[in-house]
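Once you've had a glance at the structure underneath, I'll fire off some questions.
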Amino acid sequence: MRIFGKVRHRPSASWRQATDRAFTLIGDGRYEDAGALLTRAADLEPWLSESWFNLALLHKFRHDWEQARAAGLRAVALLDRESGAPDWWNVGIAATALQDWPLARRAWQAYGLKVPGSGLNSAATTEPTGMELGSAAVRLSPEGEAEVVWGRRLDPARMEVLSIPLPSSGRRWGEVVLHDGVPNGERVTAAGPSYPVFDEIELWAPSPVPTWVVLLEAATEEDRDALEKLASDAGFAAEDWSSSVRLLCRACSESRMESDEGDGEHLDPHDHSEPGHPGPLGHRTAGGGDLWVPERECGLAAPAGLVRGLLDGWVADSPDSREWRDLEEVC
């Protein structure tokens, strides 16, 4: 196959050696040294799309989105297939990070996805919406104290966080995060469907809604559920961290795991928390209520001017079975 008058050939041994060494350095976090080697590889084989794909990948790891876009565009210009190439996905991520919506739309379409509002007669200059990619999970702070939370996919590279993250993640409910394209794990619900787990790349849009932690005395699961519904009806969120949080090792987190949604007793060999204790170190509930612990550690996502009113209203609806104390803003 000829590209720009050049015969496409297998990469040289020098190219392979430089590239292999570069990815070893990337694994060690030595991005500058890796960049020098990948630049050398691109000089050796400028007609290979892989040369520019690798550089685009490195710039994505560094969050250098201008360079990632530039290298990615060179990569796709040399592709020998029409759709489905990961080169286009990397271009889409870089374009999304830069809010270059015409290029993002073009990238997702070139990959083979349907993007509403991208026809010839439309002004495709706004962010892609209506792609109906559904729910998924995202691993926040994947290189730190990683935490997997649930979210709604806005497009192939962004997710709105719908869980209330623990304060250690530095993330809030309602934030939008940029995430990678290849799933790194899977969560299976009790009802059967499975959902991919994507790794966060960076925060794309912050949330103005603070995160609070509060200790509840909820006599029954129904009392706990009433607070979650009250917060949801107000346009915000409450989450019982005593039952929703599991501590998992890295290998478990990045594998196919049953989620903590659904009825029944959640006990499995992958759960490294301490059963029966409320709070982030506990994950043991039972549908029948015989193991219900009234003291619950709850996360709340609500404005400062509303959060106490929500809690007081929750107690007022059933003062004999509900109390709250020790409210603290944590993120």
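The values are calculated or read from the model by the stated rules, or taken from the named source; none is laboratory data. Since the structure is predicted, the reported quantities are computational estimates derived from the model, not experimental observations. Positions of Cβ are generated from backbone atoms using ideal geometry, with glycine treated the same way; all protein chains shown enter the neighbour counts. These area figures cover heavy atoms from the full protein model, side chains too; ligands, DNA and RNA do not enter into them. Shrake-Rupley method; radii C 1.70, N 1.55, O 1.52, S 1.80 Å.
Of the numbered conditions (1) surrounded by fewer than 22 Cβ atoms within 10 Å (Cβ to Cβ); (2) over 10 Å from the mean Cα position of the chain (by Cα); (3) in contact (Cβ under 8 Å) with a residue 24 or more places away in the chain, Trp173 fails exactly one; give the number of that condition.
(1)
Residues are listed down the side, and each one gets a yes or a no for (1) of a type in the set (Ser, Thr, Tyr); (2) modelled with pLDDT of 95 or more:
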position	(1), (2)
Ser168	yes, no
Ala190	no, no
Pro196	no, no
Glu202	no, yes
Val209	no, yes
Leu215	no, yes
Asp223	no, yes
Ala231	no, yes
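When you go through (1) crowded, with 17+ Cβ neighbours inside 10 Å; (2) farther than 21 Å from Val197 by Cα one by one for Thr126, which number turns out not to apply?
(1)
Next question. In region 74-90, which residues are surrounded by 14 or more Cβ atoms within 10 Å (Cβ to Cβ) and acidic (Asp, Glu)?
Selection gives Asp87 alone.
Sort out which residues of region 213-238 are closer than 17 Å to Leu306 by Cβ, open to solvent by 40 Å² or more (accessible area, probe 1.4 Å) and either not in a helix (DSSP H, G or I) or not hydrophobic (A, V, I, L, M, F, W, C) (or both), and write them in order of number.
Within region 213-238, Glu228, Lys229, Ser232, Asp233, Ala234, Gly235, Phe236 qualify.
Restricting to region 157-168, name every residue that is open to solvent by 10 Å² or more (accessible area, probe 1.4 Å) and not in a loop (DSSP other than H, G, I, E, B). Explain how you work it out, then say what you get.
Quick first cut of region 157-168, residues open to solvent by 10 Å² or more (accessible area, probe 1.4 Å) only: 160, 162-163, 166-168.
Of everything in region 157-168, those that are open to solvent by 10 Å² or more (accessible area, probe 1.4 Å) and not in a loop (DSSP other than H, G, I, E, B) turn out to be Glu160, Pro167, Ser168.
For Gly144, state whether it is among the small types (Gly, Ala, Ser), under 23 Å from Ile26 (Cα atoms) and either open to solvent by 10 Å² or more (accessible area, probe 1.4 Å) or modelled with pLDDT under 90 (or both).
The answer is yes for Gly144.
Pairs, please: C-beta under 6 Å, at least 6 apart or cross-chain, first residue touching a residue at least 40 places away in the same chain (Cβ under 8 Å) and assigned by the TED database to the domain that holds Leu215 and in region 305-331, second open to solvent by 50 Å² or more (accessible area, probe 1.4 Å) and in a strand (DSSP E or B)?
Pairs found: Leu311/Trp324; Glu323/Glu217.
What number of residues within region 46-69 are farther than 25 Å from Asp28 by Cβ, part of a helix (DSSP H, G or I) and either open to solvent by less than 30 Å² (accessible area, probe 1.4 Å) or without any contact (Cβ under 8 Å) to a residue 12 or more places away in the chain (or both)?
1
Is it true that some residue in region 140-163 is touching a Leu at 6+ places or on another chain (Cβ under 6 Å) and under 21 Å from Asp326 (Cα atoms)?
The answer is no; no qualifying residue exists.
Pull out all pairs, ordered by first then second residue, where Cβ-Cβ is under 9 Å, the residues are six or more apart or on different chains, the first lies in region 135-157 and is more than 22 Å from Ala238 (Cα to Cα) and in the same structural domain as Asn184 (by the TED database), and the second is crowded, with 23+ Cβ neighbours inside 10 Å and among the β-branched types (Val, Ile, Thr).
Close Cβ pairs (under 9 Å, with a partner that is crowded, with 23+ Cβ neighbours inside 10 Å and among the β-branched types (Val, Ile, Thr)) amount to Asp155/Thr96; Pro156/Ile93; Pro156/Thr96; Ala157/Ile93; Ala157/Thr96.
Would you be able to say whether some residue in region 101-123 is touching a helix residue (DSSP H, G or I) at 6+ places or on another chain (Cβ under 9 Å) and modelled with pLDDT under 90?
yes
Got a sec? Which of Pro275, Pro280 is touching a Phe, Trp or Tyr at 6+ places or on another chain (Cβ under 7 Å), modelled with pLDDT under 75 and assigned to a loop (DSSP other than H, G, I, E, B)?
On inspection, the qualifying residue turns out to be Pro280.
On to the next question. Do you know which of the residues in region 10-41 that are of a type in the set (A, V, I, L, M, F, W, C) and in contact with a Leu (Cβ under 6 Å, 6 or more places away or on another chain) is most open to solvent (accessible area, probe 1.4 Å)?
Selected residue: Trp15.
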